[in-house]
1. Scanning the stretch 135-153 for residues that are in contact (Cβ under 8 Å) with a residue 12 or more places away in the chain and among the acidic types (Asp, Glu), which turns out most open to solvent (accessible area, probe 1.4 Å)?
2. State whether the residues of the stretch 104-116 include one that is surrounded by fewer than 19 Cβ atoms within 10 Å (Cβ to Cβ) and aliphatic (A, V, I, L, M).
3. Go through the stretch 184-210 and give me each residue that's β-branched (Val, Ile, Thr) and more than 20 Å from residue 171 (Cβ to Cβ).
4. Go through the stretch 240-263 and give me each residue that's over 17 Å from residue 275 (Cα atoms) and open to solvent by 20 Å² or more (accessible area, probe 1.4 Å).
5. For the stretch 271-287, how many residues meet the condition of being among the small types (Gly, Ala, Ser) and surrounded by 15 or more Cβ atoms within 10 Å (Cβ to Cβ)?
6. Counting only residues that are assigned to a strand (DSSP E or B) and open to solvent by 60 Å² or more (accessible area, probe 1.4 Å), how many does the stretch 183-202 have?
7. (1) touching a helix residue (DSSP H, G or I) at 6+ places or on another chain (Cβ under 7 Å); (2) modelled with pLDDT under 95: which one isn't true of residue 80, the others all being true?
8. Name every residue in the stretch 57-91 that is assigned to a strand (DSSP E or B) and either open to solvent by 70 Å² or more (accessible area, probe 1.4 Å) or within 18 Å of residue 131 (Cβ to Cβ) (or both), in order of residue number.
Amino acid sequence: MRAHPLPRGVAAPCSIPTLGLLAGAILIAAAAGSWSCTKSEQASGPTTCCDQPKIPAGVPAFTVVRDEVTGPTDGQDVKLHVALKQKTKRDDIYPALQFLYRYAMTRKTFEPTTFLGAFYTTEGEAQTGGNPVAKIWREHGDKGPKCENNIKLEFAEEVDKAFMWSLQRAEPENLDDTCHLEVKKKVARFDDKFTHKPTMKVDDAKKAVEVTYPYLETGKDEYVANLGFNSAMTYWAEFTTTMFGKAPELQQVTYVGLLNDQPVLKITTSRQQFDAKLSTVQETIASYSAITFAKLGLHKTDDKGAKKDQEQHKTQVYKAALATLPKDQVMVSPKLK
């Protein structure tokens, strides 16, 4: 007697006791979904992804797109591929990296042996892989995680960091804390409450900035009594060099030096002008200073003569630099001698 074929769409069970053809067919049709198979006999199929952690306020939201787990319960290798739900700034990604890491470490009884959390800008990229915009990982034996952040700074962020470098307020990157786990305490500065402070205006469309710098007495919230040309120009050279050096997208810097709340120096420089003629100004002055000190060491001049020689050379270099710029880009007050 021929066996009846299984109803369409019903898979054959792993093993069925001999109950007769009719009884077997009834059991298959009614209870195929509840029949238990041994683990080795079950076909591996796609699983619904994924468990979604509850993301706290203040952390950029993301969706877990791929949750890859291999290995035994007490020695798993975990890879989480997630997609950001919104545009996220470079510095803002660190709370998300830290949260994903804590989630992966605590969601099961045992911590993963190795872990990788990769962030993408879209779910499609998270599904197919590629270059993540940021990632956090921990290899077997590592004491803590490491991070990589490939999110590009926005122009305003870029020049703000450059401005902080110019004021010697920037915080160097801690290469031992790439995930920014260390909570940094804000250290008060003596000039935080000064009335006169350096300021910066940003023109995002033109990729330009205007820096206003008040010339103050050292450690005091008051203008200097006397300001020479070389002193005023030294701040200009340092600011311009640092701004262009630390902000790759920056195309123009306007520097305004203030004395008694009035502009005494205003210089506008494009990146092209800076690269062509002005980028070596500080280096030229520093090189000549080394020569002067050598003369001093050989007793070919005294302290007074060395200082006068250096100041004369600075004046020559600064004036030659300004001469390379169009006249409408340079304003030097007669007060600066």
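1. Residues of the stretch 135-153 in contact (Cβ under 8 Å) with a residue 12 or more places away in the chain: 135-140, 144-153.
Filter once more, keeping what is among the acidic types (Asp, Glu): 139, 148.
Values: 139: 100, 148: 74 Å².
So the residue we want is 139.
2. The first filter runs over the stretch 104-116 and keeps only residues surrounded by fewer than 19 Cβ atoms within 10 Å (Cβ to Cβ), leaving 105-111, 113-114.
With the extra rule that they be aliphatic (A, V, I, L, M), the set shrinks to 105.
Scanning the stretch 104-116, I find at least one residue that is surrounded by fewer than 19 Cβ atoms within 10 Å (Cβ to Cβ) and aliphatic (A, V, I, L, M), so the answer is yes.
3. In the first step, residues of the stretch 184-210 are kept if they are β-branched (Val, Ile, Thr); the result is 187, 195, 199, 202, 209.
Passing the criteria: 195, 199, 202, 209.
4. Narrowing the stretch 240-263 to residues over 17 Å from residue 275 (Cα atoms): 256-263.
Hits for the stretch 240-263 are 258, 259, 260, 261, 262, 263.
5. Of the stretch 271-287, the ones among the small types (Gly, Ala, Ser) are 276, 279, 286-287.
Next, only the ones that are surrounded by 15 or more Cβ atoms within 10 Å (Cβ to Cβ) stay: 279.
Qualifying residue count for the region: 1.
6. Taking the stretch 183-202 first, the residues assigned to a strand (DSSP E or B) are 199-202.
Next, only the ones that are open to solvent by 60 Å² or more (accessible area, probe 1.4 Å) stay: 199, 201-202.
So the answer is 3.
7. With (1) touching a helix residue (DSSP H, G or I) at 6+ places or on another chain (Cβ under 7 Å); (2) modelled with pLDDT under 95 applied to residue 80, the lone miss is (2).
8. Let us first name the residues in the stretch 57-91 that are assigned to a strand (DSSP E or B), namely 62-70, 77-84.
62, 65, 66, 68, 70, 79, 80, 81, 82, 83, 84 - these are the residues of the stretch 57-91 that are assigned to a strand (DSSP E or B) and either open to solvent by 70 Å² or more (accessible area, probe 1.4 Å) or within 18 Å of residue 131 (Cβ to Cβ) (or both).
The values are calculated or read from the model by the stated rules, or taken from the named source; none is laboratory data. Computed from a prediction, not measured in an experiment: that's the story for all the values here. Here the Cβ is made from the backbone with ideal geometry for all residues, glycine too, and neighbour counts use every protein chain on show. For the accessible areas, the whole protein counts, side chains as well, though only heavy atoms, and no ligand, DNA or RNA atoms are used. Shrake-Rupley method; radii C 1.70, N 1.55, O 1.52, S 1.80 Å.
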